[in-house]
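Engineer: Encoded as structure tokens, here's the structure I'll be asking about.
The values are calculated or read from the model by the stated rules, or taken from the named source; none is laboratory data. What you are looking at is a predicted structure, and each value in this text was computed from that prediction instead of being measured. Glycine gets a Cβ as well: all are built from the backbone with ideal geometry, and neighbour counts include every protein chain shown.
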Amino acid sequence: MCNYVPGLPAIADPAQVAALVAPRALFVESGLTDDRFPARSARVVWQQVAGLYNHMGASDKIGLDVCNHGHRCFFGKQAINFLKQVL
């Protein structure tokens, strides 16, 4: 669920870490007011990883939902439907 790791960006690129999941299903949730991993940064990383998924022919196995909240471990608004689709 919540995969925030303090200090990770100092030692590893977040997009490279997320790409380790590929081509398995990956759904990212981010909150507009998240002070730990801002939605703007989440979108940038997601776009980089989505490009890799697209290159691997797995663009249907990655999703993103940006909700109007802060840092929460699970919002689920779109995640449940995504999981039903890929599982």
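Engineer: Scan region 9-64 residue by residue and report those that are farther than 25 Å from GLN85 by Cβ and surrounded by fewer than 15 Cβ atoms within 10 Å (Cβ to Cβ).
Structural biologist: Answer for region 9-64, where residues must be farther than 25 Å from GLN85 by Cβ and surrounded by fewer than 15 Cβ atoms within 10 Å (Cβ to Cβ): PRO9, ALA10, ILE11, ALA12, ASP13, GLN16, THR33, ASP35, ARG36, ARG40, SER41.
Engineer: Suppose the filter is in contact (Cβ under 8 Å) with a residue 40 or more places away in the chain and more than 11 Å from PHE27 (Cβ to Cβ); does HIS71 pass it?
Structural biologist: So HIS71 fits the description; yes.
Engineer: Starting from residues that are free of Cβ contacts under 8 Å to residues at least 40 places away in the same chain and of a type outside the set (S, T, N, Q), keep the ones in region 78-87 and report whichever is surrounded by the fewest Cβ atoms within 10 Å (Cβ to Cβ).
Structural biologist: For region 78-87, the residue satisfying everything is LYS84.
Engineer: Give me the pairs, please: first residue somewhere in region 31-53 and outside any helix (DSSP H, G or I), second residue anywhere and surrounded by 18 or more Cβ atoms within 10 Å (Cβ to Cβ) and modelled with pLDDT under 85, beta-carbon distance under 9 Å, and either six or more positions apart or on two chains.
Structural biologist: GLY31/PHE37; PHE37/PRO14
Engineer: Follow-up. Those residues that are closer than 19 Å to ALA22 by Cα, in a helix (DSSP H, G or I) and aliphatic (A, V, I, L, M), I need them from region 54-81; list them, please.
Structural biologist: Across region 54-81, the qualifying residue is only ALA79.
Engineer: Given the conditions (1) modelled with pLDDT of 85 or more; (2) out of contact with any Gly (no Cβ under 7 Å at 6 or more places or on another chain), and given that THR33 satisfies all but one, which numbered condition is not satisfied?
Structural biologist: For THR33, the failing item is (2).
Engineer: Can you tell me how many residues within region 1-37 are of a type outside the set (Val, Ile, Thr) and over 18 Å from GLY76 (Cα atoms)?
Structural biologist: Within region 1-37, residues that are of a type outside the set (Val, Ile, Thr) and over 18 Å from GLY76 (Cα atoms) number 18.
Engineer: For the subset of region 65-74 comprising residues that are surrounded by 11 or more Cβ atoms within 10 Å (Cβ to Cβ) and touching a Ser or Thr at 6+ places or on another chain (Cβ under 9 Å), which member is modelled with the lowest pLDDT?
Structural biologist: Out of the qualifying residues, it is HIS71.
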